[in-house]
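Colleague: I'd like to ask some things about the structure below.
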Amino acid sequence: MTKIGLEIHSQLTKLESKLFCSCKANYREFEPNTNICPICIGLPGSLPRLNQKAVEKATMIAMALNCSTPEKIAFFRKNYFYPDLPKNFQITQLNIYGDTSVGGIGTLMVGEKKIRITRIQLEEDPGRLIYEGSSEKNLVTLVDYNRAGTPLVEIVTEPDFENPREVREFLNILSDLLENLGVSDPSLEGAMRADANVSIEGGNKVEIKNIGSFHDLEKAVHFEITRQQSLHSRNIPIIQETRHWDDKRKITVSSRSKEEDLDYRYFLEGDIPWIKIGNEIKEKLKSEMPESISSKKQRYISKYDIPVQVADVLSSNKFYSDLFEDAHTKENAKEVANIITTDLMGLIDTREKRESSKLKPFHLKEISDSIQSGRITRTSAKNALYEIVKTGKTLSDIISELDLGNVSDEYELLKIIELVILEEPQAVKQAKSNPQTINYLVGKVMQKTKGKADPKLTLDLLKKKIQ
Amino acid sequence: MNIKISALQFTREVKSGNISAEDFIAKTMEQIQNVDDSLHAFLSINDKAVDQAREIDKKIKLGEKIGQCFGMPISIKDNICIKDTKTTCASKMLENFIAPYDATVITKLKQQDAIFVGKVNLDEFAMGLSTEFSAYGPSKNPWNTDYVPGGSSGGSAVSVSAFECVASLGSDTGGSVRNPASFCSTVGYKPTYGLISRYGLISYANSIEQIGPLTRTVEDAAFMLNLIAGLDPNDNTTVDNNNEDYLKDINSGIEGKKIGIIKEMIGEGIDPSVLSATKDAISKLEGLGATCEEVSLDMVKYSVAAYYTITATEAGSNLARYDNLRYGYDFSVEGYEFNSYIEKARKKLGPEVTRRMILGGFVPSAGHTGKYFLKALKVKSKLTRQINDAFKKFDLLISPTVPILPFKIGEKINDPVSLFLIDINTVTANLTGKPAISIPYVISNGLPIGIQLIANSMNDKLLLQAAYALEKTVQLPEVPI
């Protein structure tokens, strides 16, 4: 049986400051090496100053993943040399001397399947190395410490996955969960990274590192399974090793450095005293936690009678569910959910589009009310939505500017219907014998009015005309 | 002008207008000029000190608000950061490190209008007890310049003892304040762990070290503590002392106090003159109404081994950043080559630091941690339990600060183990986080001997009261410089 385990690193991008200093956790907008201070670049004499909010957010993640949460947590030093690591040790957590990381054993359901979480720990992100130069000879390694000290949560799973599809589903659920908790924005570049370990029946465990995106993770896991199966079928032993994902060639390559042999000389970080996380704090955090995705979904279904599929899509995305929460009333909930999932999601399907969108919750309220009152048709609503996202104008302005108001004038509509009847004798004949096919003619009328014809009135008039 | 006065005397004299800060600082700088060529306490001098003193005099004249130091000249161990000032740790590795920020203790002293006359010598990265491991040459003992001043805060002790300042800040990881204080006949005080912020103190073994004052009198030590103690958001290990005034009631005496004489610190290996000084001090304390009784802390015999194991481990990590990439050699990007870099990576570190870095790579490593590092931690926690038990019965503990007299420069430098063992009486306070103080007690054949008192955590006030009482029984000759 194939076994896959994951090690996921998620930055707590929603925090104001880094894990041990007041530099910005959102380092992305800075020129290289400008979001730094004596603490995060490890200047002699500086000491870590723990960001309590980071401990709280990490504990929330642990609770959301049903992990055990110890009474007291501690930090450890992981000692190794690397140019992106200012102090040449990373402050992280460790459970080998007892459970002292923010989260112990937990679970996350992927459909019907239970994935066990091994542990969750809070640690600092290193800086970034940037390689420049076209050939081996003029290769330069640049170091940017803006990222150094960014709060990072490591989530380790048991090898409970059997195929790449399960891995992908898990990562989708997990990233939705982290976003819903308000701790992280997984869509930010580098905010969420993952390593995988893969083994097949009768083989040793192989770790894969350096995987840039979740999309590549799935590919890397797939490649690795195939590689191992191919070795196995030829009776070549699968050795325990670390392999790197080669992004260009889309294959895994054995690592030259023997990372598994590194001795990190872990020991307790004396500069950060043990932190007590008692029941009182846990209760407080629980009360501050946003409603979970599954509970949202249930509420949408039971309270607003929103179809399961729609509720599922809506609840799992924080951006859209927040929008829904702000825009809906008891009366229009179903309509708002419908507009979001059928029209809006396709319209602003990337992070950039979402950020530049001018749409506000009141727009959705306007649109759904106008549909319900028959002021505009669904088709017109879709056109209006496109304009709103672009300009942020009110619906009324857009209706008059683009002439989107319904054609509900009987005289005008009759003229169009008569024209359609003339043009479509075959369809008219059919509709007479089979009333259900009349919808084809309604569609034709819609076409001629650019979707503005009041559908109910059109149908009534057509029926009268044909009989 | 008499510069041989205590810190408190200085502040009173300036406050009352008897002397000006400028005159005193000028005279102090002159003293440094005169004696430091032979003593080598200083690694760098503040050439703006006189100007700064003039500013303070101006403030006093104009009746402006003035800090409690009134321009008091203080020397600072060169492992504590002063903004825009070289902070070398007496290492070639940090030869050109100019601190871009102030240590918390410096910020606090600046607010109180202290003047930093210069940065003083130490064993490289505070590793040693003689200043012989300074990359810039040893300091000399003012009582006899053939002898070591102790260490690692040797420059601090020398500068206080030779009137090159009125007080100094050192750091104490295993006795580095108390040992040179004892060797140079000054007061040296290591407060409870967490009482003084370590922010800006360049770490050697961060879980046990503390900044501490070296002064002429116990009162001065209490005064300094008043100025620099307390919670600091920049150091998560600091503790709240509720703005305790350590000077208040310092003359309360020690009548009725129970003092334990640590058996393991007056036995094997102790110099006879040190033993007789200790016995004398004990009888003096009894004469003041204290009751003294021997107490055994048998973990003390493992304390030095545990101390060096733990400090090497932490040093190996704390000093890992000095990898030549960001400190040390100037590299031109041209011709940069990884292997030559690795080869040179630690070459700017001296022999003692190198020894401890190697030790620090070994004792906590995967195959050996159980045998060494974890065992050392066990000793640490057992020792703490023992000393806590002792404090159930005793208010204070007493021992000589150092079991031997100051030794000659060069005498022990090739015998690291015998050097290590000199720490036997001082490391216990560090491993257990307790406050301890060395009081200058007697000059034996021209060399100073100090007595150490230890109190329970956060009982610093009681410790200072007892030290004050003992100090009052002592008459010491003037240093022969």
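Colleague: If you rank B:Trp143, A:Trp274 by how much accessible surface each has, with a 1.4 Å probe, what is the order from largest down?
Modeller: I get A:Trp274, B:Trp143, largest accessible area first.
Colleague: Along Cα→Cβ, 7 Å out, is where each label goes; now give me the distance between the ones at B:Asn388 and B:Asp84 in nm to one decimal.
Modeller: 4.7
Colleague: Follow-up question, since we're still on this one. At q = 0.08 Å⁻¹, what log₁₀ I(q)/I(0) does chain B have when each alpha carbon counts as one equal point scatterer in the Debye sum?
Modeller: Treating every Cα as an identical point scatterer, log10 I(q)/I(0) equals -0.43.
Colleague: Further question: I'd like the distance separating the alpha-carbon centroids of the stretch A:275-350 and the stretch B:189-226, in whole Å.
Modeller: Here the answer is 55 Å between Cα centres.
Colleague: Run through the stretch A:305-344 and list the trypsin sites (Lys or Arg not before Pro) located in a DSSP loop whose Cβ has at most 12 other Cβ atoms within 10 Å.
Modeller: A:Lys330
Colleague: For the peptides A:275-286, B:455-466, what is the packing order when you average, over each peptide's residues, the other Cβ atoms within 10 Å and list the highest mean first?
Modeller: B:455-466, A:275-286
Colleague: I'd like the mean, over residues of B:320-326, of how many other protein chain beta carbons sit within 10 Å of each residue's own Cβ.
Modeller: Taking all residues of B:320-326 together, the mean is 5.
Colleague: Checking buried surface per residue: for the stretch A:36-51, which residues lose a minimum of 50 Å² accessible area in the protein assembly relative to the chain alone (1.4 Å probe)?
Modeller: A:Leu43, A:Pro44, A:Gly45, A:Leu47, A:Arg49
Colleague: Semi-axes of the stretch B:130-172's equivalent ellipsoid from the Cα gyration tensor, sqrt of 5 times each eigenvalue, largest first, rounded to whole Å? Intermediate results must be reported in sequence, preceding the final value.
Modeller: Details: eigenvalues 47, 34, 12 Å².
Here the semi-axes work out to 15, 13, 8 Å.
Colleague: Could you work out how far helix A:214-233 tilts from the main Cα principal axis of chain A, as a 0 to 90 degree angle to the nearest 10?
Modeller: 60
Colleague: Restricting to bridges with both residues inside the stretch A:3-282, how much of the DSSP beta-bridge set is antiparallel, in percent to the nearest 5?
Modeller: Taking every DSSP beta bridge with both residues in the stretch A:3-282, the antiparallel ones total about 90 percent.
Colleague: Let me ask another. Just order B:117-125, A:227-235 by mean Cβ neighbour count inside 10 Å, highest at the front, would you?
Modeller: Highest to lowest by the protection proxy: B:117-125, A:227-235.
Colleague: Could you work out, for the stretch A:410-466, what percent of all Cα-Cα pairs fall into each 5 Å distance bin, beginning at 0 Å and stopping at the bin that holds the largest distance?
Modeller: Result, from short to long distances: 4, 22, 39, 24, 10, 1 percent.
Colleague: Considering every Cα-Cα pair within the stretch A:155-199, what fraction, in whole percent, is farther apart than 17 Å?
Modeller: 35
Colleague: In percent, what relative contact order does the stretch A:291-402 have, based on Cα pairs under 8 Å that are 6 or more apart in sequence? Please list the in-between numbers first.
Modeller: Details: 96 pairs, mean separation 23.1, N = 112.
The value is 21 percent.
Colleague: While we're on this one: With a ≥ b ≥ c the root eigenvalues of the C-alpha gyration tensor of the stretch A:1-147, is it rounded (a/c under 1.5), prolate (a/b larger than b/c) or oblate?
Modeller: prolate
Colleague: Another question about this same structure. Just to confirm, what accessible area per residue do you get for the protein assembly as shown at 1.4 Å probe, in whole Å²? Working shown, then result.
Modeller: Values: 40270 Å² over 948 residues.
Using a 1.4 Å probe on heavy atoms only, each residue of the protein assembly as shown averages 42 Å².
Colleague: If I take every Cα pair under 8 Å that is 6 or more residues apart in chain B, average their sequence separation and divide by the length, what percent do I get for the relative contact order?
Modeller: Values: 1123 pairs, mean separation 82.6, N = 481.
Dividing the mean separation by the residue count of chain B yields 17 percent.
Colleague: Another question about this same structure. In angstroms, what radius of gyration and Dmax does the protein assembly as shown have, counting Cα atoms only?
Modeller: When restricted to the Cα atoms of the protein assembly as shown, Rg and Dmax are 37.0, 132 Å.
Colleague: Of all GluC sites (Glu not before Pro) in the stretch A:87-165, which ones are in loop regions per DSSP and have a Cβ with at most 14 other Cβ atoms within 10 Å? Kindly include the intermediate steps, with their values, before the conclusion.
Modeller: Details: sites: A:Glu112, A:Glu123, A:Glu124, A:Glu132, A:Glu136, A:Glu154, A:Glu162; in loops: A:Glu112, A:Glu136, A:Glu162.
Passing both the DSSP loop test and the Cβ count: A:Glu112, A:Glu136, A:Glu162.
Colleague: Under a straight-distance cross-link criterion of Cα-Cα below 18 Å, which aspartates and glutamates are reachable from B:Lys86, leaving out those fewer than 8 residues away in the same chain?
Modeller: Leaving aside aspartates and glutamates fewer than 8 places away in the same chain, those within reach of B:Lys86 are B:Asp47, B:Asp78, B:Glu95, B:Asp102, B:Asp123, B:Glu124, B:Asp330.
Colleague: Quick one: of the DSSP bridges fully inside chain A, what percent are antiparallel, nearest 5?
Modeller: Numbers: 48 of 53 bridges.
Antiparallel bridges make up about 90 percent of those DSSP assigns within chain A.
Colleague: Order A:418-428, B:75-85, A:338-348 from most to least packed using the mean count of other Cβ atoms within 10 Å.
Modeller: B:75-85, A:338-348, A:418-428
Colleague: Per residue of B:366-375, count partner chain C-beta atoms within 10 Å of its C-beta, then hand back the mean as an integer.
Modeller: 2
Colleague: Still on this structure: To the nearest 10 degrees, how steep is helix A:455-466 against the longest Cα principal axis of chain A, on a 0 to 90 scale?
Modeller: 30
Colleague: Report, to the nearest 10°, how far helix A:279-288 tilts away from the longest principal axis of the Cα atoms in chain A, using its own Cα long axis and a range of 0 to 90°.
Modeller: 30
Colleague: A further question follows. What percentage of the solvent-accessible surface of the protein assembly as shown, computed with a 1.4 Å probe over protein heavy atoms, is contributed by carbon and sulfur atoms?
Modeller: The nonpolar share, carbon plus sulfur, comes to 50 percent.
Colleague: To the nearest 10 Å², what's A:His244's accessible area with a 1.4 Å probe?
Modeller: 60
Colleague: In addition: For chains B and A, what's the summed buried accessible area, probe 1.4 Å, to the nearest 100 square angstrom?
Modeller: For B against A, buried area totals roughly 2700 Å².
Colleague: Separate question: Which Cα, out of A:Ile388, A:Ile339, A:Ser321, lies furthest along the positive dipole direction of the stretch A:291-402 (beta carbon charges, K/R +1, D/E -1)?
Modeller: Toward the positive end, the furthest listed residue is A:Ser321.
Colleague: Per residue of A:82-88, what is the mean number of Cβ atoms on other protein chains within 10 angstrom of that residue's Cβ? Please report the intermediate quantities before stating the final value.
Modeller: Details: counts 0, 3, 0, 2, 3, 5, 9.
Partner Cβ neighbours, averaged per residue: 3.
The values are calculated or read from the model by the stated rules, or taken from the named source; none is laboratory data. Being a predicted model, the structure only gives us computed values, none of them experimental. Cβ coordinates were reconstructed from backbone atoms using ideal geometry, including for glycine residues, and neighbour counts include every protein chain displayed. Accessible surface areas use protein heavy atoms only, side chains included; no ligands, DNA or RNA. Shrake-Rupley method; radii C 1.70, N 1.55, O 1.52, S 1.80 Å.
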